[in-house]
Amino acid sequence: MTAPAKPATPIYVTQSLLPALEDFIPYLEEIWKHNILTNGGPFHHQLEEALCDYLGVKHICLFTNGTLALITALQALRITGEVITTPYSFVATAHSLLWNGIKPVFVDIDPLTFNMDPDKIEAAITPQTTAIMPVHCYGQPCDVERIQRIADNYGLKVIYDAAHAFAVQHKGASVLNHGDLSVLSFHATKVFNTFEGGAIVCPDAKTKTRIDHLKNFGIVGETTVVAPGINGKMSEINAAFGLLQLKGIDQALQRRAEVDAYYRQRLARVPGIRCQPAADGITNHAYFPVLVTPAFPLSRDQLFQHLRDNNIYARRYFYPLISDFPMYRGMASAAPANLPAARQAAEQIICLPQYPGLTFEQIDFIVSLITDATHAMPPAAVAAIAV
């Protein structure tokens, strides 16, 4: 069998989903016709309604990006003091807490799902704790029932960082309906994107009204301001693009599932490489993380460099841990001994390219680079690992 050819251009960990440019032109013409660019224009309202219908949620508030949505969600629930969260995420999760003057308290993750480990939460609760902020990592649903029971027992709010969880379902319904609020990202790299964007999913009209005020400077009338809000409004161009994206999202999700399945098939017998267990429920295959275990002949970082040398831009999501960055590492909860599972994940996981436009031929090349490393292993060692 002939080895797949090295790609002439880089293959990145993801590639933004872009519809045909000519399909976007009519939306732009409509914006130019009405001359409404922002401040809750017609496309903004249409996208909110369309997303509620598609995702199976009651209310959604669109934002200019997911980070501002996180910051505003904390404001909307008047969160103060300490919030229990995960060190294994993108830095925006914890940054949103610092921007609100809240102390993050890190707890370890489950080594299989890479989500916050519910067994670690209660020991981290103090009189200053007001909320829990878990992350549906890689689109895998958190143990939402256990987290909610803990929150109810201690009178805590739950805000989910659901940046990875677009269209994810748990027990037949949207995982976004769990917790007090769920926050989405529509960044260009996400499963569903609006170039830049985000949203807060909320359970009732009263909460939606408060959030809508907060994302528009706290303004409720021409001369009335009721809260120290921020400018987090999504523009009409972003909203229009989102409406167009929704038309092709089912096909994109189906293709992501096919990419995921093909990777699993090709990597199933590669010694020392372990795929994340499939999600319990309906996931969106937002990422394809694999663990490079000590049994593999290269370290994770060596494999990362080997792929990059061959034009494959995989990513070490999430490395370093949030708790290792200067603004967090002095906190008691950030101590390495407190986070062994998160640290192991940060040292072993690499996310391989995953997006609808990725071809099976490209996957074959990526897998060939990984399997080539095993050829240096003695046959007895390969056989022992495969048992």
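If I go through region 246-291 residue by residue, how many of them are surrounded by 15 or more Cβ atoms within 10 Å (Cβ to Cβ), more than 22 Å from PRO19 (Cβ to Cβ) and of a type in the set (A, V, I, L, M)?
Residues meeting the conditions: 7.
Which condition breaks for MET133 when tested against (1) open to solvent by 10 Å² or more (accessible area, probe 1.4 Å); (2) closer than 20 Å to VAL201 by Cα?
The number of the failed condition is (1).
Table: residues versus (1) in contact (Cβ under 8 Å) with a residue 12 or more places away in the chain; (2) open to solvent by 60 Å² or more (accessible area, probe 1.4 Å); (3) part of a loop (DSSP other than H, G, I, E, B).
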position: LEU176; (1), (2), (3): yes, no, no
position: GLY179; (1), (2), (3): yes, no, yes
position: SER182; (1), (2), (3): yes, no, no
position: THR189; (1), (2), (3): yes, no, yes
position: ASN193; (1), (2), (3): yes, no, yes
position: GLU196; (1), (2), (3): yes, yes, yes
position: ALA199; (1), (2), (3): yes, no, no
position: THR207; (1), (2), (3): yes, no, no
position: ILE211; (1), (2), (3): yes, no, no
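Considering LEU298, LEU291, which residue is part of a loop (DSSP other than H, G, I, E, B) and either of a type in the set (Lys, Arg) or under 17 Å from ILE366 (Cβ atoms) (or both)? Walk me through how you get there before you give the answer.
Details: LEU291 fails: part of a loop (DSSP other than H, G, I, E, B).
Within the list LEU298, LEU291, the selection yields LEU298.
What are the residues in region 260-292 that are aliphatic (A, V, I, L, M) and either closer than 19 Å to ARG316 by Cα or in contact with a helix residue (DSSP H, G or I) (Cβ under 6 Å, 6 or more places away or on another chain) (or both), if any? Don't jump to the end; show me each part of the working.
We begin by selecting, within region 260-292, every residue aliphatic (A, V, I, L, M); these are 261, 267-268, 270, 273, 278-279, 282, 286, 290-292.
Within region 260-292, LEU267, VAL270, ILE273, ALA286, VAL290, LEU291, VAL292 meet the criteria.
Within region 220-235, which residues are assigned to a loop (DSSP other than H, G, I, E, B) and surrounded by fewer than 20 Cβ atoms within 10 Å (Cβ to Cβ)? Walk me through how you get there before you give the answer.
From region 220-235, those assigned to a loop (DSSP other than H, G, I, E, B) are 222-223, 226-230, 232-235; that's our starting set.
Selection gives GLU222, THR223, VAL226, ALA227, PRO228, ILE230.
I need the full set of residues from region 17-33 which are within 15 Å of LYS247 (Cα to Cα) and more than 30 Å from the chain's Cα centre (by Cα), in order please.
Within region 17-33, just PRO26 meets the criteria.
So, of the residues in region 85-127 that are outside any loop (DSSP other than H, G, I, E, B) and small (Gly, Ala, Ser), which turns out to be surrounded by the fewest Cβ atoms within 10 Å (Cβ to Cβ)? Working first, answer last.
Taking region 85-127 first, the residues outside any loop (DSSP other than H, G, I, E, B) are 85, 92-99, 103-106, 109, 116, 118-124.
In the following step, the residues that additionally are small (Gly, Ala, Ser) were identified as 92, 94, 96, 123-124.
Values: ALA92: 22, ALA94: 27, SER96: 28, ALA123: 9, ALA124: 17.
Result: ALA123.
Which residue out of TYR138, TYR160 is in a strand (DSSP E or B), surrounded by 15 or more Cβ atoms within 10 Å (Cβ to Cβ) and of a type in the set (Ser, Thr, Tyr)? Can you show your working first?
On the way: TYR138 fails: in a strand (DSSP E or B).
Just one listed residue meets the conditions, TYR160.
Identify the single condition in (1) under 21 Å from CYS275 (Cβ atoms); (2) surrounded by 16 or more Cβ atoms within 10 Å (Cβ to Cβ) that PHE360 does not satisfy, given that it satisfies every other one.
(2)
TYR319 fails exactly one of the following numbered conditions: (1) within 17 Å of the chain's Cα centre (by Cα); (2) among the aromatic types (Phe, Trp, Tyr); (3) open to solvent by less than 50 Å² (accessible area, probe 1.4 Å). What is the number of that condition?
Going through (1) within 17 Å of the chain's Cα centre (by Cα); (2) among the aromatic types (Phe, Trp, Tyr); (3) open to solvent by less than 50 Å² (accessible area, probe 1.4 Å) one by one, TYR319 breaks only (3).
Looking only at region 1-54, filter to residues that are of a type in the set (Ser, Thr, Tyr) and assigned to a helix (DSSP H, G or I); which one of those is least open to solvent (accessible area, probe 1.4 Å)? Before the answer, list the steps.
Of all residues in region 1-54, those of a type in the set (Ser, Thr, Tyr) come to 2, 9, 12, 14, 16, 27, 38, 54.
Now narrow it down to the ones that are assigned to a helix (DSSP H, G or I): 27, 54.
Details: TYR27: 36, TYR54: 76 Å².
It comes out as TYR27.
Picking from LEU62, LEU74, LEU70, which residue would you name as being at pLDDT 95 or above, among the hydrophobic types (A, V, I, L, M, F, W, C) and over 14 Å from ASP161 (Cβ atoms)? Please lay out each step first, then the result.
On the way: LEU74 fails: over 14 Å from ASP161 (Cβ atoms); LEU70 fails: over 14 Å from ASP161 (Cβ atoms).
Step by step, each of LEU62, LEU74, LEU70 is checked, and only LEU62 is at pLDDT 95 or above, among the hydrophobic types (A, V, I, L, M, F, W, C) and over 14 Å from ASP161 (Cβ atoms).
Name the single residue that is surrounded by the most Cβ atoms within 10 Å (Cβ to Cβ) among those in region 141-157 being more than 16 Å from LEU97 (Cα to Cα) and among the aliphatic types (A, V, I, L, M). Reasoning before the result, please.
Looking only at region 141-157, we keep the residues that are more than 16 Å from LEU97 (Cα to Cα), and these are 141-155.
Among the residues that remain, those that are also among the aliphatic types (A, V, I, L, M) are: 144, 147, 150-151.
Numbers: VAL144: 20, ILE147: 22, ILE150: 18, ALA151: 19.
Residue satisfying both the conditions and the ranking: ILE147.
Report, by residue number, each residue of region 265-277 that is part of a loop (DSSP other than H, G, I, E, B) and free of Cβ contacts under 8 Å to residues at least 12 places away in the same chain. Give the derivation first.
Let us first name the residues in region 265-277 that are part of a loop (DSSP other than H, G, I, E, B), namely 268-272, 276-277.
Matches in region 265-277: ALA268 only.
Of the residues that sit in region 326-345 and are in a helix (DSSP H, G or I) and not hydrophobic (A, V, I, L, M, F, W, C), which one is surrounded by the most Cβ atoms within 10 Å (Cβ to Cβ)? Give the derivation first.
Of all residues in region 326-345, those in a helix (DSSP H, G or I) come to 332-334, 336-338, 340-345.
Going one step further and asking which of them are not hydrophobic (A, V, I, L, M, F, W, C), we end up with 333, 336, 338, 340, 343-344.
Values: SER333: 19, PRO336: 12, ASN338: 18, PRO340: 12, ARG343: 21, GLN344: 15.
In this case the residue turns out to be ARG343.
Which of the following residues is buried (at least 22 other Cβ atoms within 10 Å of the Cβ) and in contact with a Gly (Cβ under 6 Å, 6 or more places away or on another chain): ALA69, ALA73?
Working: ALA73 fails: in contact with a Gly (Cβ under 6 Å, 6 or more places away or on another chain).
Every option except ALA69 fails the conditions.
The values are calculated or read from the model by the stated rules, or taken from the named source; none is laboratory data. Remember, predicted model here, so these are calculated numbers, not experimental data. Note that we place each Cβ from the backbone using ideal geometry, even for glycine, and neighbour counts take in every protein chain shown. Side chains included, ligands, DNA and RNA excluded: accessible areas come from the protein's heavy atoms. Shrake-Rupley method; radii C 1.70, N 1.55, O 1.52, S 1.80 Å.
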